[in-house]
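Visitor: Got a structure for you, written out below as structure tokens; questions coming shortly.
Coordinate-derived values only; no laboratory data. Keep in mind that this is a model prediction, so the values were computed, not measured. Reconstructed Cβ throughout: ideal geometry from the backbone, glycine too, with neighbour counts over all protein chains shown.
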Amino acid sequence: MEGRKRVAVLGCTGSVGTQTLDVCRQHADRLDVVFLSAHSRTAELTAYAREFEVARVGVTDPAHAGDPVLSELPAGCGVAAGMDAAIDACLAPEVDIVVIAVVGAAGLTACYRLIKAGKTVALANKESLVVGGDLIMPLVRPGQLLPVDSEHSAIFQCYLGERASETHLIWLTCSGGPFFERGRAELASATVRDALAHPTWNMGAKITIDSATLMNKGLERIEAMHLFQVDVDRIRVLIHRQSKIHSMVEYADGSVIAHLGASDMRIPAQYALSYPERWETPAPRVDFRTLSALTFDAPDMETFRCLALAEEAARVRGTMPCVLNAANEVAVGAFLDGRLTFTGIDEVVETVMDAHQVAPVDSLEQLIDIDGWARGRASAAIASRSR
Ligand code: NDP
Ligand code: MG
């Protein structure tokens, strides 16, 4: 079919990746999947490569690039091994838009290189902007970086036809996670199972834990600060348990424009691919007559310390958000493995932030070095706690 948008998906095996493929399936007359990458799940990757008949795939973990299942890839389908080779494949002229759906700071190099080379990017990977927003944003042309994160897609839409200079506040909504209204003592004994039980969204393990600690909202505040070039103090977190309002922009005149809809990541993923058009919804619609209430609360930043730590990193700026993010990734990994308590997550992040000598962001290499330093510090802090 002629005239279809040619899509590459980095991280196609994850929660956002598979939902993006669902959108591509439903709009096969408009979207042509041309490249897919996975990190470790090569069996799923192979199945998607066959379904979408892609000419090339990427396996970003080189240890999986020789998995026997890859012999079942479609005839002639090449394998790009490692992240750099996967990014090179996305830079090919046959790719119109790249969805970055990998998790963690692993998305940084991809986002930076693709934006620098002028590719259009649909960005789910918030960590790349948290860590590298100062490097990436000055390179972005209008319409080149389309947010997939639901709140940021919402804010982007609340700005359509408006003047950003007339912003009074951004209201960044937050479900509150599974531990809403719990105290610090209760959080200390929270299990992995409790923390993975998110009330409104079904997501990958790392972001689900971040949603329980509220670090996700702290990261999203930094993401919004970069995407919309708004000071952190003008981005206010609002607990909204029903996840129907995805965020709001309040303008100078007191008018508040909100974005509402179903809690389904396929909607913002699709909008990033259809922009500036709107296509038939991939998800069930909301019947507002069936909703009894939309509720709002202020977040508890004393209990959910991650939100306060992210705010501090956003104020300090420079390399501090990189340290916040890296320490958090290691701490969340340790919690998921049973090596750290739930409240240990923010304690480890704080310890690593306290040890960091902040500097202005100057290069990708500097950020990769600092990310490595923070990971080492976080691992040491976790090991010393269990001694
Ligand atoms: P998942 O854990 O479900 O998926 C992660 C994807 O990244 C998988 O394809 C995985 O490959 C790949 N991956 C894992 N580690 C690496 C690595 N080191 N290098 C390259 N690729 C890697 O995550 P989600 O889909 O939940 O989240 C993806 C991103 O989107 C995150 O940044 C998250 O914050 C953001 N996001 C997610 C939302 C959601 O609803 N899930 C909502 C809004 C934002 P494999 O499986 O093959 O190992
Ligand atoms: Mg979000």
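Visitor: Points 7 angstrom from Cα along the Cβ direction at residue 51 and residue 383: gap in nanometres?
Guide: 4.2 nm
Visitor: Here is a follow-up. Tally Lys/Arg at +1 and Asp/Glu at -1 over every other residue whose Cβ is under 15 Å from the Cβ of residue 360; what's the total?
Guide: My count for the surroundings of residue 360 gives -2.
Visitor: If you take the square roots of the eigenvalues of the alpha-carbon gyration tensor of segment 222-298 and sort them as a ≥ b ≥ c, do you get rounded (a/c under 1.5), prolate (a/b over b/c) or oblate?
Guide: oblate
Visitor: Provide the packing ranking of 363-373, 101-111, i.e. peptides ordered by the mean count of other C-beta atoms within 10 Å per residue, highest first.
Guide: By packing density, highest mean first, the sequence is 101-111, 363-373.
Visitor: Got a sec? Which residues in segment 135-167 would a label at residue 260 touch, if it sits 7 Å along Cα→Cβ and we count backbone N under 20 Å?
Guide: Within reach of a label on residue 260, which here means backbone N under 20 Å from a point 7 Å along Cα→Cβ, segment 135-167 contributes 150-160.
Visitor: Mind listing P(r) for segment 238-386? All alpha-carbon pairs, 5 Å bins, whole percents.
Guide: 2, 8, 13, 13, 12, 13, 14, 13, 8, 4, 1
Visitor: A further question on this structure: Beyond 13 Å, what share of the Cα-Cα pairs of segment 348-387 is found? Please give it as a whole percent.
Guide: Of the Cα pairs, 54 percent sit more than 13 Å apart.
Visitor: Ok, one more. Just to verify a number: FRET efficiency for residue 63 and residue 94, C-beta to C-beta distance, R0 = 35 Å, to 0.05?
Guide: About 0.80, to the nearest 0.05.
Visitor: Based solely on C-alpha atoms, express the radius of gyration and the Dmax of segment 136-272 in angstrom.
Guide: Answer for segment 136-272, Rg first and Dmax second: 15.5, 48 Å.
Visitor: Using helices alone, I'd like the mean residue ellipticity at 222 nm for the chain: each DSSP H run of four-plus residues gives -39500 (n - 2.57), total over residue count, nearest 500.
Guide: -13000 deg cm²/dmol
Visitor: Given the peptides 249-255, 320-326, arrange them by the average over their residues of other C-beta atoms within 10 Å, most packed first.
Guide: 320-326, 249-255
Visitor: Taking the highest mean first, how do the peptides 136-144, 29-37 order by number of other beta carbon atoms within 10 angstrom per residue?
Guide: With the highest mean Cβ count within 10 Å placed first, the list reads 29-37, 136-144.
Visitor: Moving to a separate point now. Under a Cβ-only charge scheme (Lys and Arg +1, Asp and Glu -1), can you give me the dipole magnitude of the chain about the Cα centre, in debye to the nearest 20?
Guide: 280 debye
Visitor: Using R₀ = 41 Å, calculate the FRET efficiency as 1/(1 + (r/R₀)^6) where r is the Cβ-Cβ separation of residue 253 and residue 75; round to 0.05.
Guide: Efficiency for this residue pair is about 0.10.
Visitor: Could you pull out every one of the aspartates and glutamates with an alpha carbon less than 20 Å from that of residue 5, ignoring same-chain neighbours closer than 8 positions?
Guide: Answer for residue 5, where 20 Å is the Cα cut-off: 22, 29, 32, 51, 53, 88, 94, 96, 277, 280, listed by chain and number.
Visitor: At what distance in nm do the modelled label points of residue 341 and residue 166 sit from each other, each positioned 7 Å from its Cα along Cα→Cβ?
Guide: Distance between label points: 5.1 nm.
Visitor: So what's segment 285-370 giving for Rg/Rh, alpha carbon basis, Kirkwood Rh from the mean inverse pair distance?
Guide: 1.15
Visitor: Quick check: from the Cα gyration tensor, does segment 96-184 come out rounded (a/c under 1.5), prolate or oblate?
Guide: Judged from the Cα gyration tensor, segment 96-184 comes out oblate (a/c at least 1.5, b/c at or above a/b).
Visitor: Along each of its three principal axes, how wide is the spread of alpha-carbon positions in the chain, in whole angstrom units, largest first?
Guide: Dimensions of the chain along the principal axes of its Cα atoms: 57, 53, 40 Å.
Visitor: Same structure again: What is the gain in length, in nm to one decimal, between residue 182 and residue 234 on full extension, counting 0.36 nm per residue of separation less the C-alpha to C-alpha distance?
Guide: Stretched fully, the residue 182-residue 234 segment lengthens by 16.0 nm.
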